[in-house]
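The values are calculated or read from the model by the stated rules, or taken from the named source; none is laboratory data. Since we're looking at a predicted model, the values are computed, not measured. Note that we place each Cβ from the backbone using ideal geometry, even for glycine, and neighbour counts take in every protein chain shown.
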Protein chains: 2
Amino acid sequence: MAKEAPIAGMTGKIGKRATIRDVAKAAGVSIKTVSRVFNDEPNVREEIREKVRQVGQKLNYHPNVAARNLARRRSHLIGLFFENPSPAYVTELQMGALKRLRGTGYRLLIFPVEDRADIRGAMVSTVYASGLDGVIVTPPMCDDPVILEELLSSHLPFVRVAGDSSIHSAGTVVIDDEAAAFDLAEYVLRLGHRRLAIVIGDETHRSARLRLKGFRRALRTAGIEPQPALEIQGAFTFQSGLEAGRRLLHHANRPTAILASNDDMAAGVLQAAHELRIPVPQKLSVVGFDDTALARMVWPQLTTIRQPIFEMAERAADILLRQIETGITSETAQLSYDLVIRSSAGEAPTS
Amino acid sequence: MAKEAPIAGMTGKIGKRATIRDVAKAAGVSIKTVSRVFNDEPNVREEIREKVRQVGQKLNYHPNVAARNLARRRSHLIGLFFENPSPAYVTELQMGALKRLRGTGYRLLIFPVEDRADIRGAMVSTVYASGLDGVIVTPPMCDDPVILEELLSSHLPFVRVAGDSSIHSAGTVVIDDEAAAFDLAEYVLRLGHRRLAIVIGDETHRSARLRLKGFRRALRTAGIEPQPALEIQGAFTFQSGLEAGRRLLHHANRPTAILASNDDMAAGVLQAAHELRIPVPQKLSVVGFDDTALARMVWPQLTTIRQPIFEMAERAADILLRQIETGITSETAQLSYDLVIRSSAGEAPTS
DNA sequence: ATGAAAGCGCTAACAT
DNA sequence: ATGTTAGCGCTTTCAT
């Protein structure tokens with residue numbers, strides 16, 4: 001009786017939060033029964049179930065997560081580790097993972113990694129320190145040999161989004177970047193372009209390498225020898241695309257088409273073209289890769305490859321959850337891509 | 001002895017994770033001493049401290065987070081609730097909050113809210129279900145009377161980013177949106193424009209209302225009566241800006257300048273102008289608001305108001321942490337804004 | 001400086 | 001169908 005007053009009140013600063021015991025006592029049942037009710041387990045009479053629910057509501061009872069986690073040996077926490085090249089990309093990644101997590105009780109913690117060196121050797125401790133049940137990792141860090149090895153030997157459940165399966169077969173969700181880049185370059189070649197340039201993404205990034213490979217293969221298939229001067233290194237950022245665009249477009253014998261390894265860099269190239277008053281697509285074609293929200297926000301809207309980042313993240317979360325709950329690991333999952341034709345690429349100029 | 005083998009090995013599936021007891025036994029001390037060492041508490045001989053550290057390392061010991069949370073009554077988890085109008089905005093918000101959290105042991109959980117109705121009445125349960133120590137909330141949901149009331153009566157630590165202090169004085173970090181919009185409109189008026197239009201953001205959003213107010217005040221100050229036809233409702237999305245732009249620019253007597261309530265909508269207006277081959281800024285001036293990354297990615301680059309979203313989130317996290325740890329609540333904190341002049345606004349056309 | 005014992009609030013295993 | 005009894009792995013008194 002004397003203890004009831006503070007408990008019956010609202011939670012928070014006033015009084016203490018009600019515990020399973022308070023509810024049990026108030027409902028006249030054992031704590032196990034309360035536990036059953038709040039975990040939707042069978043073997044409780046409907047009548048009692050209802051009663052317990054009501055008492056719980058009245059006492060404003062919410063199961064203590066830490067206690068539950070401790071007893072269950074599971075935190076229901078998933079970590080998403082990413083390096084931040086593109087806001088639009090990151091957002092899709094998050095939303096995709098979250099979509100799969102919805103309704104499962106799992107939550108998403110974000111870990112943007114600014115410098116890969118910082119996380120090398122610290123990844124697993126970070127995971128432990130946060131009590132994560134598993135992690136989703138993105139390139140390039142997920143293909144970093146040190147980090148990958150650390151992850152593998154820790155036996156922590158993890159999946160990679162767009163990770164390199166040739167480095168290790170451990171779960172990764174990809175698209176066929178090489179084929180996609182080939183298709184994209186081929187499309188541009190079909191428009192009559194002969195001088196194509198590419199802005200390459202971060203070299204340590206599997207996709208960047210494969211996209212370059214597909215680009216070169218398309219050129220060779222068309223009987224064109226790739227020229228080093230037309231292959232500029234970028235870093236998947238708008239700024240790097242802008243700089244690459246300026247370099248490529250500044251001299252007389254400039255390319256008539258530029259492929260960028262992602263949309264952000266393509267937007268940068270577009271910006272450079274505008275600065276130099278080069279009309280796109282009349283005098284210059286520019287194409288991107290990913291089809292993030294940005295692709296439709298620039299002018300002209302980007303012809304690009306749609307990489308289903310949202311679905312890839314969703315799938316990755318799916319694989320991870322299975323791995324956490326059943327221990328079953330998956331190999332590479334490959335999703336399909338699409339060539340999205342908008343207005344940033346047109347026929348090669350005749351001049 | 002018999003139990004040592006699996007413990008000494010690596011963590012994960014093989015054997016069980018080492019506990020504080022394993023370390024204590026192996027180091028020949030009590031668990032309390034181990035606890036002291038791993039919490040950097042005093043009263044342990046340096047020699048013993050070192051020994052315990054070594055044993056911990058050898059056994060690959062990592063304190064169990066759930067157990068620690070349970071005993072300490074703290075999860076060290078912060079929730080960030082946001083509605084997703086703009087990827088660039090959301091990313092900055094996250095990075096800002098995370099910057100303050102770095103090194104504190106607190107982690108960030110993200111809760112994108114698609115439909116505010118879903119979260120009404122469910123906010124607090126979500127917080128409890130996730131065991132959060134506190135939350136950062138953004139508009140418009142943080143100014144929703146139902147949600148705000150729920151939050152207040154739960155006594156959960158929370159802060160708002162850009163929340164309306166006139167609805168409630170509870171902690172919120174803002175800029176003076178009204179003054180900023182006034183300054184921006186005044187800048188445009190100084191360029192000679194007389195027919196100014198505005199694309200308004202989501203009405204339930206405090207900033208949207210204040211920006212509209214500032215815009216109108218600037219017009220009146222210049223002796224111009226605001227016209228309803230030149231005030232178009234948007235939703236803070238690129239798409240809504242595009243549609244608003246098309247409507248505004250389609251008829252003959254179109255405005256010579258358009259203010260958008262955020263950069264995403266300004267980018268949409270820009271897109272509409274390009275579609276209609278209206279040169280910006282020669283024939284039309286367009287200005288944004290926020291100065292997110294997008295402002296520099298479009299052409300021409302946006303003249304806009306820099307709202308320090310990153311710093312606001314950082315500050316919000318700071319206030320929240322103080323509230324969690326000391327119980328001290330803060331009132332409104334106001335940061336300063338800047339007018340950022342780029343190239344999307346120019347002198348009014350003479351024709 | 002160090003340790004023993006008692007929780008933290010829940011779930012799991014095992015009665016009944 | 002329901003309850004009892006141990007933990008889960010740590011931190012917190014409080015002794016020593």
Mind counting the residues in segment A:202-218 that are within 20 Å of A:Gln239 (Cα to Cα), surrounded by 19 or more Cβ atoms within 10 Å (Cβ to Cβ) and of a type outside the set (D, E, K, R)? 4
For A:Asp133, the lone unmet condition from (1) charged (D, E, K, R); (2) buried (at least 20 other Cβ atoms within 10 Å of the Cβ); (3) more than 16 Å from DNA strand D (Cβ to nearest atom) is (3)
Which of the residues belonging to segment B:146-174 are at positive phi and more than 14 Å from chain A (Cβ to nearest Cβ)? B:Ala162
For segment A:29-45, pairs from a residue that is over 13 Å from A:Pro63 (Cα atoms) to a residue that is within 6 Å of DNA strand C (Cβ to nearest atom) and assigned to a helix (DSSP H, G or I), with Cβ under 8 Å and 6 or more apart or across chains, are A:Glu41/A:Ser35
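Residues are listed down the side, and each one gets a yes or a no for (1) within 20 Å of B:Gly105 (Cα to Cα); (2) touching a helix residue (DSSP H, G or I) at 6+ places or on another chain (Cβ under 8 Å); (3) in a loop (DSSP other than H, G, I, E, B); (4) near DNA strand D (Cβ under 10 Å from one of its atoms):
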site	(1), (2), (3), (4)
B:Asp22	no, yes, no, yes
B:Thr33	no, yes, no, yes
B:Val37	yes, yes, no, yes
B:Val52	no, yes, no, no
B:Val55	no, yes, no, no
B:Ala66	yes, yes, no, yes
Screening B:Ala235, B:Ala218, B:Ala197, B:Ala267 for residues that are touching a strand residue (DSSP E or B) at 6+ places or on another chain (Cβ under 7 Å) and not acidic (Asp, Glu) leaves only B:Ala197
So, of the residues in segment B:315-344 that are touching a residue at least 60 places away in the same chain (Cβ under 8 Å) and within 14 Å of chain A (Cβ to nearest Cβ), which turns out to be nearest to the chain's Cα centre (by Cα)? B:Ala317
Checklist (1) more than 20 Å from A:Leu339 (Cβ to Cβ); (2) of a type outside the set (Lys, Arg); (3) under 28 Å from the mean Cα position of the chain (by Cα) applied to A:Val199, failing item: (1)
Could you please give the count of residues in segment A:39-50 that are within 9 Å of DNA strand D (Cβ to nearest atom), of a type outside the set (A, V, I, L, M, F, W, C), assigned to a loop (DSSP other than H, G, I, E, B) and on the phi < 0 side of the Ramachandran plot? 3
Would you confirm whether or not segment B:264-279 contains a residue that is at pLDDT 95 or above, closer than 22 Å to B:Val174 by Cβ and not small (Gly, Ala, Ser)? yes
If we keep only residues of segment B:88-115 that are touching a Leu at 6+ places or on another chain (Cβ under 8 Å) and assigned to a helix (DSSP H, G or I), then the residue farthest from the other protein chains (Cβ to nearest Cβ) is B:Arg100
State all residues of segment B:329-342 that are in contact with a Ser or Thr (Cβ under 7 Å, 6 or more places away or on another chain) and not β-branched (Val, Ile, Thr); if no residue qualifies, say none. B:Glu331, B:Arg342
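This table checks each residue for (1) part of a helix (DSSP H, G or I); (2) in contact with a Gly (Cβ under 8 Å, 6 or more places away or on another chain).
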| site | (1), (2) |
| --- | --- |
| B:Ala129 | yes, yes |
| B:Leu132 | no, yes |
| B:Ile136 | no, yes |
| B:Cys142 | yes, yes |
| B:Val146 | yes, yes |
| B:Leu151 | yes, no |
| B:Arg160 | no, yes |
| B:Ser165 | no, no |
| B:Ala170 | no, yes |
With respect to the numbered conditions (1) part of a helix (DSSP H, G or I); (2) within 14 Å of another protein chain (Cβ to nearest Cβ); (3) away from DNA strand C (no atom under 12 Å from the Cβ), which one is the sole condition not fulfilled by B:Ile78? (1)
In segment B:281-309, what count of residues is obtained for those that are more than 10 Å from chain A (Cβ to nearest Cβ) and either in contact (Cβ under 8 Å) with a residue 40 or more places away in the chain or surrounded by 24 or more Cβ atoms within 10 Å (Cβ to Cβ) (or both)? 19
Give the number of residues within segment A:31-72 that are near DNA strand C (Cβ under 6 Å from one of its atoms), hydrophobic (A, V, I, L, M, F, W, C) and over 39 Å from the mean Cα position of the chain (by Cα). 1
Those residues that are on the phi < 0 side of the Ramachandran plot, within 14 Å of chain B (Cβ to nearest Cβ) and among the small types (Gly, Ala, Ser), I need them from segment A:12-38; list them, please. A:Ala18
Given (1) without any contact (Cβ under 8 Å) to a residue 40 or more places away in the chain; (2) away from chain A (no Cβ under 14 Å), where does B:Lys58 come up short, assuming only one miss? (1)
